[in-house]
Every structure is written in structure tokens, then in C-alpha cells.
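Student: Pasting a structure below so you can have a look.
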Amino acid sequence: MTETKEAKAKELNHINNVIAIMSGKGGVGKSLVSGLMAIALRKQGYSVGILDADITGPSIPKMFGITEKPVIAENSMLPVLSTSGIEIMSINLLLPNSEDAVIWRGPLIGKAITEFWEDVYWGNLDYLIVDLPPGTADAPLTVLQTLPVNGIIIVFTPQELTAMVVRKAVNMAKNMKKTIIGVVENMSYLYIPEIDKKMEIFGKSHGEEMAKSAGAPLLAQIPIDPELVKLCDQGKIEEYDSPVYKSLMQNLSITKKQ
């Protein structure tokens, strides 16, 4: 009697573009940009997934208001769908309690990221957005070496110290021969409608400077927006809309891989 072996998820997945959201520093808003990018692409009619590779600090499920556990089969896991149909996989969806700490060393974190790539049935996707943890060590290295990343978006904030650290991520991407397709400046300013003025809370913008350093276009300068903060806290990021967000959608000139 001949035994048949069930195909693994990675053998069934067809993903056209893997886009990594990266920064050399924590707290700059990589998860926020990952979410907004995924939503923008989804609104343009693309099939999109988010792989939350920030194993020790996952925040994607909270932003999207997802608490449902993934379906786990013998050879694969099924990502959880957001309200608009974005496929999402995060370690927080597998923990007994979303507030449990993931206290793992580098090799275990790398293994989890690899499993999210190989063992999750993503199906047919136009874009898989990978939300990277900060820095240039084990976890980002695992993603850039293991996943077929064909585009990186660099996220930063206006502070000079942040810009200096983020340049390390730019250099890492270049050293690994990965294409930087754009940069995003988060917390760029605070708009005060009563006086119609933009206040640069964290200092002068480094948007054009970082774009030049990365050799890639400035996709967006995202302001400090209390409405966006509120929606993320409520798990309703997909409801966000603003002129800046519409500009981000227009600037997404990512070429689909043939």
C-alpha cells in the first residue's frame, strides 16, 4: 500500500510580493505603518496578509481588534481574517493570554518566524507585509535570509538620534542586497486645526534626507493624529481615513512581481 504525504503549507502558498517593514530602532511605528500599508493595498483590491515577526512585542492583533485563535491543522495553521479580509498571523494569537510575555532567546524567535512563513497557509497573496522587530540582529536577519523579501520600507521619526540609528537598518538592507522601495516618516508633526499650523514636536523633518540616504522615495509623513491613536487602541485601524493616508495610498508605487 502506497502512503501519500500531505503537502505542507509552504508548498501550497503563492505569494507575489514579500514586503518587510524595517527600522533600526524601536518605538518608531513599524507596526502602525505595516497596518496602514496593508489596509491601503487591500483597498486597492489586492489580496494581503500581515506576518507579525515582532515576536516579543506583537501589536498587530490589538490594532485590528483580533482575538480569535488561528485554526491549527496537522501540517499548517490558518491565519485569522481582519474585518476587511487581511490575513493576519501573530504570536499573540497563539498565547493563552495576550499579555503573557514571550521570554525567548534568539534561536527560538527565529524558529517562530520561520514557522509563520513555512507552516501558515497564506494561500494566494499579492502582498505579504512582514512587521519586523527593531534592530539589525537575529530576527530581522532571519527574515531577510529566510523569506524571499523583494522590498523593504524603512520607518523612522524626526529625531536626529533616531535617524542615525535607522541608517544602520538602511545599511543592513543594502549589504544584504535587498531593495528599499520607500521610506516613511512617522510622528512627523502635530497639526493644530484651530490655528491651521503644523508643529514639529520631535524636531525638524528628516524625510528628504532619509529618502536620499536610502535611495528611495518618501512615501509618507504621518502626523501625530489622536484619532488614529484612538482607533488603534479600539482595534479599529481599518476605519482610519485622512488626507495623509490617501496620499500614502497614491504613493504606493510597488511593482508586482511577475
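Throughout, read-outs are computed from the coordinates displayed, never taken from laboratory work. Model, not experiment: these values are computed from the prediction. Using ideal geometry, Cβ is built from the backbone for each residue, glycine included, and neighbour counts are taken over all protein chains shown.
Student: For Lys230 and Thr83, what is the calculated FRET efficiency with R₀ set at 22 Å and r taken between the beta-carbons, to the nearest 0.05?
Tutor: E between Lys230 and Thr83, to the nearest 0.05, is 0.85.
Student: What percent do you get for the relative contact order of the chain when only Cα pairs under 8 Å and 6+ apart count?
Tutor: 26 percent
Student: When ranked by the protection proxy of mean other Cβ atoms within 10 Å per residue, highest first, what sequence do the peptides 121-127, 47-53 form?
Tutor: By packing density, highest mean first, the sequence is 47-53, 121-127.
Student: Per 0.36 nm of contour for each residue apart, how much would the distance between Lys43 and His14 grow if the chain were fully extended, relative to their Cα-Cα spacing? Intermediate values should be presented prior to the final figure.
Tutor: Working: separation 29, 0.36 × 29 = 10.44 nm, distance 2.04 nm.
Once the chain is fully extended between Lys43 and His14, it gains 8.4 nm.
Student: Do any of Lys168/Lys212; Lys62/Lys111; Lys25/Lys168; Lys204/Lys236; Lys25/Lys197 go past 20 Å between their Cα atoms, and which? Don't skip to the end; give the middle numbers.
Tutor: Details: Lys168/Lys212 14 Å; Lys62/Lys111 23 Å; Lys25/Lys168 9 Å; Lys204/Lys236 30 Å; Lys25/Lys197 29 Å.
As for pairs spanning more than 20 Å Cα to Cα, those are Lys62/Lys111; Lys204/Lys236; Lys25/Lys197.
Student: Here's a follow-up. Scan around Val130 for amide H atoms under 5 Å from its own, H built in the peptide plane at 1.01 Å from N, and keep only partners 5 or more places away or cross-chain.
Tutor: Distant-sequence amide H within range of Val130: Ile19, Ala20, Ile21, Leu51.
Student: Mind giving me the nanometre distance, one decimal, between the label points for Leu141 and Glu209, set 7 Å out from Cα along Cα→Cβ?
Tutor: 3.0 nm
Student: Please list, in order along segment 50-59, the HN-Hα scalar couplings obtained from phi with the Karplus expression 6.51 cos²θ - 1.76 cosθ + 1.60 (θ = phi - 60°), rounded to whole Hz, x for Gly and Pro.
Tutor: 10, 9, 7, 8, 7, 5, 8, x, x, 9
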